[in-house]
Amino acid sequence: MHAEINVRFAVSIAQDKTLPLATLAESLTEIQLEATILEELVRSLDERLVEAYCGEKHARGNGDCRFQRAGTSTRTAVTTAGEHEFTLHHVKDTAATDGNPTYFRPLEDLIDFDGQRIYQEDISLQAAELATSLSYRDAVAHGDGFTPMPSITTVNRRVREYGSKLGDFVRDRLPGTNADTVVPDGTKCHSQQDHCTYHDVNVTLGQTAEGDDTETTLLDVNVNESWDETAEALEETEAVTDDATVVSDAEKALVDAFESGDRSHQLDLVHVGRTLGYKLWKDDTFPLSERKAIVSGVTDDLFHLKNSVALHAPRNERLAIRERIDQTLENLGKEAWRLERQDSPKATAYLREWAEATVTFAELALDQQQVPWTSNVVERAMGEVSKRCKNQWMQWSEAGLESLLWLNLVQYADPEQFAAFADELLERSAKTAITMEVSVDATRGEL
């Protein structure tokens, strides 16, 4: 199928003022040249297809053809090229049998109008992307400054649709990921549903070391599911290796779900100082100045270990790392003993329970394995969740929140995967069936 569109475009510019290029570009956009060309292209293709079925218009003998012209109807659509109104021909099949339509529009065999929807997939996906960083109302208001936007209700509906599809898209590609580091974290968002005040949000990232580079993948996002369910699903798809390292805070349910078999746990060192300070406050044994001094001493030991690994691991100086690990554990043990003697049970229990998990990254460094000592990568992802979903006035349904999180976090953590999803959704592979040639003949104007 071939269509040729010839466009004559005349421009007149007054000479009594200097014209910014941006104003000229805006003026060109305002006349919706792209929309005009698209509408003319569709009209031309429609006419050619109808002629192929019914013969040339008003030609003799058309009345004896099986296929007869049967009037027209108007089809409205909005794309990134602008707002369009198409007049499409109907054709009647006079020999239609059961199961075959008597009336049809030939163009719909060539071009898909996305059912009865006015806003097509391209503009709807742009609106959904805006809604991952702006409220639905703001997404529509900001987008309207550049291109026609769907209504707030439509954007909300498309976010739910695309988020659900994106979640399935990511899960379908997870088998065999074999991430060797798992970095999970959870948060809460306000609920608009009567049965709960908050929704529990669980986010799991995976990291795979490839030489000197580390590839980060969003493994899972879910709302109001347990960590056990998340870990079990990831194990079934072999998204995580059997000897992976879990890097997280000290949430017991999270660690118990993921740390199984040959897996080990690295406690986020940044969280140690915060949690220890809280435990000391709960014990109510020491004044603030002394609590700060205790926390400072523990964190100094841990970051001394971190710096020691950074210095000695590249040189494969295993003995220096081993000595520093042993010294760190000895210091933590002594601090726990001292806190126990001074009647600070919560802080004592915390240090004793989690001391071994603070040095996992260093133990693995002895075997030349690089494991992060912090869960910053998922903390930053949770910051994206907070910016979009945790404002005080925001309340969510379970399905709506999960869909929005998929769109938000895949774009943040794995933009290449989001681009692959967009390509599939918009069927961009079909562009290989399109050939376009552009030639412009400009004639000199007169002054």
What number of residues within segment 60-83 satisfy the criterion of being open to solvent by less than 50 Å² (accessible area, probe 1.4 Å) and either assigned to a strand (DSSP E or B) or at pLDDT 90 or above (or both)?
10
Specify the residue that is nearest to VAL371 (Cα to Cα); the eligible residues are those in segment 241-258 that are open to solvent by 10 Å² or more (accessible area, probe 1.4 Å) and touching a residue at least 60 places away in the same chain (Cβ under 8 Å).
ASP243
Out of segment 304-328, which residues are surrounded by 16 or more Cβ atoms within 10 Å (Cβ to Cβ) and either within 12 Å of THR358 (Cα to Cα) or in contact with a Leu (Cβ under 8 Å, 6 or more places away or on another chain) (or both)?
LEU305, LYS306, ILE321, ARG324, ILE325, THR328
Cross-chain or 6+ apart pairs with Cβ under 7 Å, segment 100-114 first and assigned to a loop (DSSP other than H, G, I, E, B), then open to solvent by 60 Å² or more (accessible area, probe 1.4 Å)
THR102/LYS92; LEU110/MET1
List every residue pair whose Cβ atoms lie under 7 Å apart, where the two residues are 6 or more positions apart in sequence or sit on different chains, the first residue falls within segment 334-360 and is under 19 Å from TRP373 (Cα atoms) and in contact (Cβ under 8 Å) with a residue 60 or more places away in the chain, and the second residue, located anywhere, is part of a helix (DSSP H, G or I) and polar (S, T, N, Q).
TYR350/THR275
Of all residues making up segment 11-31, the number that are within 30 Å of LEU107 (Cα to Cα) and in a loop (DSSP other than H, G, I, E, B)
1
Restricting the search to segment 341-365, which residues are open to solvent by less than 20 Å² (accessible area, probe 1.4 Å) and either farther than 20 Å from LEU276 by Cβ or part of a helix (DSSP H, G or I) (or both)?
ALA347, THR348, TYR350, LEU351, ALA357, THR358, VAL359, THR360, PHE361, ALA362, ALA365
Answer with yes or no whether LYS279 is assigned to a helix (DSSP H, G or I), touching a helix residue (DSSP H, G or I) at 6+ places or on another chain (Cβ under 9 Å) and either modelled with pLDDT of 95 or more or basic (Lys, Arg) (or both).
yes
Listed by first then second residue, the pairs whose first member lies in segment 55-69 and is within 12 Å of ASP93 (Cα to Cα) and without any contact (Cβ under 8 Å) to a residue 24 or more places away in the chain, whose partner is open to solvent by less than 80 Å² (accessible area, probe 1.4 Å) and of a type in the set (Lys, Arg), with beta carbons under 9 Å and at least 6 positions apart or on separate chains, are ARG69/LYS92
Restricting attention to segment 17-58, and to residues there that are in contact with a helix residue (DSSP H, G or I) (Cβ under 9 Å, 6 or more places away or on another chain) and open to solvent by less than 50 Å² (accessible area, probe 1.4 Å), which single residue is nearest to GLN120 (Cα to Cα)?
VAL42
Test for GLU34: is it modelled with pLDDT of 90 or more and assigned to a helix (DSSP H, G or I):
no
Starting from residues that are outside any helix (DSSP H, G or I) and among the aliphatic types (A, V, I, L, M), keep the ones in segment 396-447 and report whichever is nearest to ASN224 (Cα to Cα).
LEU426
Return the only residue of LEU426, LEU407 being farther than 28 Å from LEU41 by Cα, of a type in the set (A, V, I, L, M) and either out of contact with any His (no Cβ under 6 Å at 6 or more places or on another chain) or at pLDDT below 85 (or both).
LEU407
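So, in segment 140-157, how many residues would count as being open to solvent by less than 10 Å² (accessible area, probe 1.4 Å) and assigned to a helix (DSSP H, G or I)? So that I can check it myself, show each step before the final result.
Applying the first criterion (open to solvent by less than 10 Å² (accessible area, probe 1.4 Å)) to segment 140-157 yields 143, 150, 155.
Then drop every residue that is not assigned to a helix (DSSP H, G or I), which leaves 143, 155.
Result for segment 140-157: 2.
Among the listed residues VAL240, VAL298, VAL255, identify the single one that is modelled with pLDDT of 95 or more and β-branched (Val, Ile, Thr).
Working: VAL240 fails: modelled with pLDDT of 95 or more; VAL255 fails: modelled with pLDDT of 95 or more.
When all the criteria are applied, what remains is VAL298.
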Only one of (1) open to solvent by less than 50 Å² (accessible area, probe 1.4 Å); (2) over 23 Å from PRO372 (Cα atoms); (3) aliphatic (A, V, I, L, M) fails for ALA293. Which number is that?
(1)
Please specify each residue of segment 91-119 satisfying the condition of being open to solvent by less than 20 Å² (accessible area, probe 1.4 Å) and not hydrophobic (A, V, I, L, M, F, W, C).
ASP93, PRO106
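Quick check on segment 376-384. Is at least one of its residues without any contact (Cβ under 8 Å) to a residue 40 or more places away in the chain and either small (Gly, Ala, Ser) or farther than 30 Å from GLN192 by Cα (or both)? Steps first, answer last, please.
The first filter runs over segment 376-384 and keeps only residues without any contact (Cβ under 8 Å) to a residue 40 or more places away in the chain, leaving 380, 383-384.
Next, only the ones that are either small (Gly, Ala, Ser) or farther than 30 Å from GLN192 by Cα (or both) stay: 383.
Scanning segment 376-384 turns up at least one residue that is without any contact (Cβ under 8 Å) to a residue 40 or more places away in the chain and either small (Gly, Ala, Ser) or farther than 30 Å from GLN192 by Cα (or both).
The values are calculated or read from the model by the stated rules, or taken from the named source; none is laboratory data. Worth saying up front: this structure is predicted, and the values here are computed from it rather than measured. Here the Cβ is made from the backbone with ideal geometry for all residues, glycine too, and neighbour counts use every protein chain on show. All accessible areas refer to the heavy atoms of the entire protein, side chains included, with ligands and DNA or RNA removed. Shrake-Rupley method; radii C 1.70, N 1.55, O 1.52, S 1.80 Å.
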